[in-house]
Amino acid sequence: MDFYISWNDWNNPPEGTVVIEDLSVVGTRHDNRDGTNRQAAFSKLKKWAVVNAVREPNNPYDPNAIAIISEHGQIGYIASEEAEKLSQMIDKGHKPLAKLSALFSCPDDTLGGKIELHLLPSNTSSV
C-alpha cells in the first residue's frame, strides 16, 4: 500500500476531482480482525498523515464499507451513510486519495479523527 500523495495530486487536482472534507472516521474504538488495536495505530499519527481509503465489498457488515488504513494499520471506516455514495464512485473507477485532516481526543479519552477525501476521475493517473 502506498502512503504517498504527490503535491500536484493533492493541491492541484485534475478537473473533475471530487473533494469531501471532514469525513468522520468511525469504529476507532474497535480492534481489527487481525487483533491489532486501532487506537494504537491512531496514536502514532499526526494531522495530514496520508491514509488509504480501501473498499471492502465483501465486508460482512456493510457491502459499501470503506476502510481507513494508515501506515500503522487500520484506524476505522468511513461512516456507512457516506460510504454508500462514495463506494459507488470508487467502484466506477474514481481513485481515492485521503489525508487525516483532524485528530482529537474524545470525552472517553479515546482518539478520533476526520479525513479529507479526494476522488480523482477515473481517466487520470497519479504518482
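The values are calculated or read from the model by the stated rules, or taken from the named source; none is laboratory data. Remember, predicted model here, so these are calculated numbers, not experimental data. Reconstructed Cβ throughout: ideal geometry from the backbone, glycine too, with neighbour counts over all protein chains shown.
Going through (1) modelled with pLDDT under 95; (2) closer than 14 Å to residue 27 by Cβ; (3) in contact with a strand residue (DSSP E or B) (Cβ under 9 Å, 6 or more places away or on another chain) one by one, residue 61 falls short only on (3).
Beta carbons closer than 9 Å, at least 6 apart along the sequence or on distinct chains, pair a first residue in the stretch 105-123 that is assigned to a loop (DSSP other than H, G, I, E, B) with a second that is hydroxyl-bearing (Ser, Thr, Tyr) and crowded, with 20+ Cβ neighbours inside 10 Å for 106/28; 110/28.
Scanning the stretch 95-116 for residues that are of a type in the set (Gly, Ala, Ser) and under 15 Å from the mean Cα position of the chain (by Cα), we see that the one that is surrounded by the most Cβ atoms within 10 Å (Cβ to Cβ) is 98.
Only one entry of 41, 65, 83, 49 meets the criterion of being more than 27 Å from residue 122 (Cα to Cα), without any contact (Cβ under 8 Å) to a residue 60 or more places away in the chain, of a type outside the set (D, E, K, R) and crowded, with 16+ Cβ neighbours inside 10 Å, and that entry is 41.
Residues in the stretch 1-26 that are surrounded by 14 or more Cβ atoms within 10 Å (Cβ to Cβ) and of a type in the set (S, T, N, Q): 17, 24. For the stretch 60-67, indicate whether the set of residues that are of a type in the set (Phe, Trp, Tyr) and in contact with a Leu (Cβ under 9 Å, 6 or more places away or on another chain) is non-empty. Scanning the stretch 60-67, I find no residue that is of a type in the set (Phe, Trp, Tyr) and in contact with a Leu (Cβ under 9 Å, 6 or more places away or on another chain), so the answer is no. Among (1) more than 12 Å from the chain's Cα centre (by Cα); (2) in contact (Cβ under 8 Å) with a residue 12 or more places away in the chain, which single condition is residue 60 missing? Looking at each condition in turn, residue 60 falls short on (2). Looking across the stretch 1-38, the residues that are hydroxyl-bearing (Ser, Thr, Tyr) and either over 14 Å from the mean Cα position of the chain (by Cα) or under 18 Å from residue 122 (Cβ atoms) (or both) come down to 6, 17, 36.
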